[in-house]
Amino acid sequence: MSDQAFYSSLQQKLATLKDEGLFKPERVLASRQGAEVVAQDGRTLINMCANNYLGLSGDVETQKAAAAALEKYGYGLSSVRFICGTQTVHKELESALSNFLGTEDTILYAAAFDANGGVFEPLFDENDAIISDALNHASIIDGVRLCKAARYRYANNDMADLEKQLIAATEAGKRHKIIVTDGVFSMDGTIAQLDMIVELAEKYGALTMIDESHASGFMGATGRGTHEHCGVIGKIDIITGTLGKALGGAMGGFTSGKKEVIETLRQKSRPYLFSNTLAPMIAGASLAVLERISKSTELRDRLHENTAYFRKEIERIGFTIKPGTHPVVPVMLFEAPVAQKFAARMFDLGVLLSGFFYPVVPMGQARVRVQLSAAHTRQQLDTVLKAFEQAGKELGIIKN
Ligand SMILES: *Cc1c(COP(=O)(O)O)cnc(C)c1O
């Protein structure tokens, strides 16, 4: 406590963040997560910014499955997996995830952040090359940093640039090459072109890895993910993802792929070896979620209906969106102050949204990001669209 300068410098940096409008305050909810949430002041808001794609976060069936696992397996394990932290429910979930994703084996982590943080270093070294999309998630970037492999970056979703990087890595004589991409990019709702990526991987003898955090459970005809959407099930070497978004919403992550990859991770992956087992109630609830969405595509279908409806109506009102089909819908407002004012006005009108501006998105690309959920009713979406129309007119974004 003797280095006062340290604390003053932190205070200064925090003040700068606030001055630059980059400070992130936390919204406090007084209710469970859902299509509607209650704010701390007691106001009910329609929630358009959760990753609650299938509406399972506050769902009673999910909660009951968690409660049943809690009852049977207890609260926690006080152990890592390889000492005494593996229960039948963890093995069942790993096997169910492998079935669902179309892979051989799966390893659980406390978060997708850990899955990505612990996947590269055990598998690749300085003789290898990691070829990574420029907009990949922070956890992939950190995972790559922890590994000695050479790094190659290609422009977001740019297949010509990817090929250039594959050629560069080949010419550098790299032993193994792995192409790494988010299945879906969460800022734009862009879907990676996995069919072309797989083709390029075959051409240059590269491996492929996708992070399915914004896809598992609802992309593709039966919700298996981007690899299903793009017709390349069985052709992706490594799949990482989260249990904290569509697949229940609590927390937890996974890495899935060939047996020898997963076995190597169990032996060597540091966030797995040196961090506690996923709580059994989360494993049990995730298992129930997988069973439920494997039996019926009802939730997935409702999500896509809601998405199509919202995308069509918001454009009809006169807003500009990034085209696409994903439930992430970026409503473009372009200028940062407009996005900020717009999100604030929508909050007054009872709609919870998040605004994004530089440096999170490129300069001049400020937006509010809408995320649809299977839990939204048509009536709630109509209320949100009315609020968009009103705020849009008030701020002169759309014409009367
Ligand atoms: C949310 C997200 C993660 C992190 O997931 P957690 O399980 O919350 O750690 C990783 N990758 C991508 C692409 C994500 O969107």
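Bear in mind these aren't lab numbers, they're just calculated from the coordinates by the rules spelled out. In this text the structure is predicted, and so the values were computed from the model without any measurement. Reconstructed Cβ throughout: ideal geometry from the backbone, glycine too, with neighbour counts over all protein chains shown.
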Completion exercise
quick note, the chain, DSSP beta bridge pairs, % antiparallel (nearest 5) is 60 percent
Problem - Total formal charge among the other residues, if their Cβ is under 12 angstrom from that of Val360, Lys/Arg +1 and Asp/Glu -1 - result: +2
Exercise for the section: Any chance you could check the Cα centroid distance between the stretch 81-117 and the stretch 361-399 for me, in angstrom? Expected result: 37 Å
Handout entry: Size of charge dipole - the chain - debye, nearest 20, with Cβ of Lys, Arg +1 and Asp, Glu -1, no other charges
Key = 500 debye
Practice task
About the Cα centre of the stretch 42-162, how large is the charge dipole given +1 on each Lys and Arg Cβ and -1 on each Asp and Glu Cβ? Please answer in debye to the nearest 20.
Solution key: 460 debye
Exercise for the section: Using a cut-off of 14 Å between beta-carbons, work out the net charge of the residues near Phe218 (Lys and Arg +1, Asp and Glu -1, Phe218 not included). Expected result: 0
Fill in the blank from the handout: Applying the gyration tensor rule to the Cα atoms of the chain (axes a ≥ b ≥ c; rounded if a/c under 1.5, else prolate if a/b exceeds b/c, else oblate), the class is rounded
Problem - Gain on full stretching of the segment that runs from Ala138 to Thr16 - 0.36 nm per residue minus C-alpha separation - result: 41.6 nm
Handout entry: Fluctuation leader among Lys341, Lys322, Lys24 - the chain, Gaussian network, Cα springs under 10 angstrom
Key = Lys24
Exercise for the section: Using the charge dipole of the chain (Lys, Arg: +1 at Cβ; Asp, Glu: -1 at Cβ; taken about the Cα centre), state which of Pro327, Ser294, Asn157 has its Cα farthest towards the positive end. Expected result: Pro327
Practice task
Starting at the first residue of the stretch 293-304, write each ³J(HN,Hα) from the Karplus equation 6.51 cos²θ - 1.76 cosθ + 1.60 with θ = phi - 60°, in whole Hz, x for Gly and Pro.
Solution key: 7, 7, 6, 8, 9, 3, 5, 4, 5, 5, 4, 6
Exercise for the section: Work out the FRET efficiency for Phe23 and Lys393 from their Cβ-Cβ distance, taking R0 = 45 Å, and round it to the nearest 0.05. Expected result: 0.90
Practice task
Would you calculate a helix-derived [θ] at 222 nm for the chain, using -39,500 (n - 2.57) for each DSSP H run of n ≥ 4 and dividing by the full residue count, to the nearest 500?
Solution key: -13000 deg cm²/dmol
Handout entry: Positive minus negative residues near Glu126 (Lys, Arg vs Asp, Glu; Cβ under 13 Å)
Key = +1
Problem - Rounded, prolate or oblate (a/c below 1.5 giving rounded, otherwise prolate when a/b exceeds b/c) for the stretch 1-155 by Cα gyration tensor - result: oblate
Handout entry: Net lengthening on full extension, Ser294/Glu335 (0.36 nm per residue, minus Cα-Cα)
Key = 10.5 nm
Completion exercise
If every Lys and Arg gets +1 and every Asp and Glu gets -1 at its Cβ, then about the Cα centre the stretch 37-81 yields a dipole, in debye to the nearest 20, of 160 debye
Handout entry: Mean separation of Cα contacts under 8 Å, 6 or more apart, over the residue count of the chain: relative contact order %
Key = 21 percent
Problem - Between 0 and 90°, nearest 10: helix 159-171 axis offset from the chain longest Cα axis - result: 30 degrees
